[in-house]
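Peer 1: Sharing a structure, written as structure tokens. Questions coming.
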């Protein structure tokens, strides 16, 4: 059965796709036939597991060659410098041991920075130790240092290029893995919609298997067909050529699901499982056993703990530093707003923060002030009137577009958000956290969206996990809530630093 605590995120439903009984044969989607050829083999198939270590090894060889002065230096290497030649195999071995060649659904470049730097550095220290043991000193200290730096540069560029190549091909649906979903309920339908709208994961849903699929109205629509029941697993795998099975919630008994998973493993099909209590699981989950019985232990984030106190102290320091460094930008923006349109420099609006407390959020004014009126509310218009159809969050331009020319620039560069650094200094906001919402929307969303109120356990942020993934302005509300709740459940100082780094990259994309 579906988890009653998650399912559909909003009260609105998506357009329903035409349904057909699962007893009737469905044609296999054409997208399955596209995943063939050399590009598929290299970036998603068996070649991917060989291409990455081969690229790392080759670039390491280039780095060592350059450090030794070229090909001639390698061919005539002295015994004192010979330990440098051990660098390529050592790095490749350490990458393998650190799990850097493990296949992941969506590789984050920042996630690989620390293990890559540490593995290359450990290999370089091992080379130095080899030199000390064999020759009494570090082999050619200048050459050793060049080798270390060139190795970091070469491997970094290579892994960056491969990641972008795979992401580019996936985004254009040139490569990917056809996926079968076991369970055609609300969670299964949500998984299918999410994978279909985010091809960068490289998983293309081709259909569902379920003994008793939920109706289209219950799940909010399905864009891929039901191909049969659980008994049809073997035939469906062979007919569609799927390489991955995702087990979502269904009416199938757990013992039978376990047998189906074993059957997939025998067929060479990878299996992923959406756990029953997925809304309680975070990156801090622990694994233990009682005899042969596995136990998972959950550790929740404490917003009142010492780590969050450190976070808030760092927020204050960084906000003050940023205000000092960005003072010229702030002054120029304020002057531009003042000179280009009548009205106040700053725009402020009531928002809901931590523990439901109200505060005034500040921005540079980017719109013309209505003549004789100071707010839309004076016209009898409320923010709720701007609710868009479907799963769309408020934000951006609501109603008549009153943006000024300078306002368009401030919004596109996110400079209009900089006055919120003063909100951080006042303790009302954090640099990183869920974006705060207007009181009228909060009241509405808490009624209709599961776990929307969780965001008020922590301080609101200028930037957040949802925003750096492109969920700014009028984007999917359900996805935004899901990303924000992920941030709260998995918070760490490291995650905050990652978001701040991703925010810098996100600034190069138009905010609206």
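Peer 1: Please order 137, 456, 198 by the number of other Cβ within 10 Å, starting at the fewest. Show your work: numbers first, answer last.
Peer 2: Numbers: 137 11, 456 21, 198 16.
Going from least to most buried by this count: 137, 198, 456.
Peer 1: Average the reciprocal distances over every distinct pair of alpha-carbons in region 400-444, invert the result, and give the Kirkwood radius in Å. Provide the component values of the computation, followed by the final result.
Peer 2: Details: mean 1/r = 0.0794 Å⁻¹.
Here the Kirkwood hydrodynamic radius works out to 12.6 Å.
Peer 1: A further question follows. According to the Cα gyration tensor, what semi-axes, each the square root of 5 times an eigenvalue, does the equivalent ellipsoid of region 40-171 have, listed from largest to smallest in whole Å?
Peer 2: After scaling each eigenvalue by five and taking roots: 30, 14, 12 Å.
Peer 1: Can you give me the relative contact order of region 195-250 as a percent, contacts being Cα pairs under 8 Å and 6 or more apart? Could you put the intermediate results ahead of the total?
Peer 2: On the way: 41 pairs, mean separation 17.7, N = 56.
RCO, region 195-250: 32 percent.
Peer 1: Additional query: When semi-axes √(5λ) of the Cα gyration tensor in Å is calculated directly from the model, which label among [x] 38, 27, 22; [y] 43, 37, 22; [z] 47, 25, 21 fits?
Peer 2: Recomputing semi-axes √(5λ) of the Cα gyration tensor in Å here picks out [y].
Peer 1: Based solely on its DSSP helices, what 222 nm [θ] is calculated for the chain when runs of n ≥ 4 H residues each add -39,500 (n - 2.57) and the sum is averaged over all residues, nearest 500 deg cm²/dmol? Kindly include the intermediate steps, with their values, before the conclusion.
Peer 2: Working: 18 runs with 225 residues, N = 512.
About -14000 deg cm²/dmol.
Peer 1: Let me ask another. Can you bin region 176-280 into rounded, prolate or oblate? Criterion: square roots of the alpha carbon gyration tensor eigenvalues sorted a ≥ b ≥ c, rounded for a/c under 1.5, prolate for a/b above b/c, oblate for the rest. List each step's numbers first, then the result.
Peer 2: Numbers: a/c = 1.32, a/b = 1.12, b/c = 1.18.
Rounded, since a/c falls under 1.5.
Peer 1: Then there is this: Does region 397-512 classify as rounded, prolate or oblate by the C-alpha gyration tensor (a ≥ b ≥ c root eigenvalues; a/c under 1.5 gives rounded; else a/b over b/c gives prolate, otherwise oblate)?
Peer 2: Numbers: a/c = 1.56, a/b = 1.18, b/c = 1.32.
In terms of gyration-tensor shape, oblate.
Peer 1: Quick one: compute the contact order of the chain, relative version, from alpha carbon pairs under 8 angstrom and 6+ residues apart, as a percent. Provide the component values of the computation, followed by the final result.
Peer 2: On the way: 734 pairs, mean separation 71.3, N = 512.
Computed over the chain, the figure is 14 percent.
Peer 1: Can you sort 314, 66, 339, 227 so the residue with the fewest Cβ neighbours within 10 Å comes first? Intermediate values should be presented prior to the final figure.
Peer 2: Values: 314 15, 66 19, 339 8, 227 24.
Ranked by crowding around the Cβ, least crowded first: 339, 314, 66, 227.
Peer 1: When 179, 114 are ordered from fewest to most other Cβ atoms inside 10 Å of their Cβ, what list results?
Peer 2: Numbers: 179 26, 114 11.
In increasing order of surrounding Cβ atoms, one gets 114, 179.
Peer 1: OK, next. Roughly how far apart, in whole Å, are the Cα centres of region 135-197 and region 435-512?
Peer 2: Between the Cα centre of region 135-197 and that of region 435-512, the gap is 25 Å.
Peer 1: On to the next question. Hey, can you rank 284-290, 144-150 by average C-beta count inside 10 Å, highest first? Please list the in-between numbers first.
Peer 2: Values: 284-290: 9.6, 144-150: 19.0.
Highest-to-lowest ranking by the protection proxy: 144-150, 284-290.
Peer 1: Order 264-276, 410-422, 228-240 from most to least packed using the mean count of other Cβ atoms within 10 Å. Provide the component values of the computation, followed by the final result.
Peer 2: Details: 264-276: 14.1, 410-422: 19.9, 228-240: 16.5.
Descending mean neighbour count gives 410-422, 228-240, 264-276.
Peer 1: Relative contact order for region 272-363 using alpha-carbon pairs under 8 Å, separation at least 6, rounded to a whole percent? Show your work: numbers first, answer last.
Peer 2: Numbers: 52 pairs, mean separation 11.2, N = 92.
It rounds to 12 percent for region 272-363.
FYI, it's all coordinate maths here, none of it is from the lab. What you are looking at is a predicted structure, and each value in this text was computed from that prediction instead of being measured. Don't worry about glycine lacking a Cβ; one is built from the backbone with ideal geometry, like all the others, and counts go over all protein chains shown.
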